[in-house]
Amino acid sequence: MSVVVKVLTHTVLVVLGVLVGLAGALFQAAWLPAGLLLALLATAALFYGGLRAVGGQAGVLSSGAGWLAAVVAIGFGRGEGDKLLWGGMADLVFVLGGMALAVMCATLSVLPQQRGPRRPVDGGRART
């Protein structure tokens with residue numbers, strides 16, 4: 001993979017992380033039981049997709065950095081008191097669950113690529 005493709009891939013993963021973090025915060029608050037599950041599933045899909053797209057833990061790091069930046073930014077709120085994450089049980093499950101999913105996906109190993117059928121060491125000749 002060339003350097004330009006790697007930089008572009010990581011940039012896209014950071015942007016996707018921000019979008020999934022924002023959408024997850026909105027969905028988990030709007031549709032509480034199902035929205036929280038949907039937000040965590042989207043977060044897991046993002047992290048695992050980053051792992052597979054890059055082929056290593058750097059993909060999880062890129063998507064996780066964008067996700068965490070978005071979640072922390074909307075957790076602080078504004079000076080007027082407007083914020084999306086108020087610290088309720090569902091908000092904490094979303095934030096801590098998302099972090100746990102990032103750690104789980106980062107510790108997964110990338111599966112080796114499929115190889116063709118194995119050949120016998122002796123070239124297929126029968127022993128006598």
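Mind ordering 31-39, 55-63, 93-101 by average Cβ neighbours within 10 Å, highest first?
Details: 31-39: 15.6, 55-63: 20.4, 93-101: 18.3.
In descending order of packing, they fall as 55-63, 93-101, 31-39.
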In sequence order, calculated HN-Hα J values of region 12-21 (Karplus, 6.51, -1.76, 1.60; Hz; x Gly/Pro)
5, 5, 5, 5, 5, x, 5, 5, 5, x
For region 3-107, calculate the relative contact order in percent as a whole number, restricting contacts to Cα pairs under 8 Å that are 6 or more residues apart.
34
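Rule-based calculations on the coordinates, nothing more; no lab input. Since the structure is predicted, the reported quantities are computational estimates derived from the model, not experimental observations. Note that each Cβ is placed from the backbone with ideal geometry, even for glycine, and that neighbours are counted across all protein chains shown.
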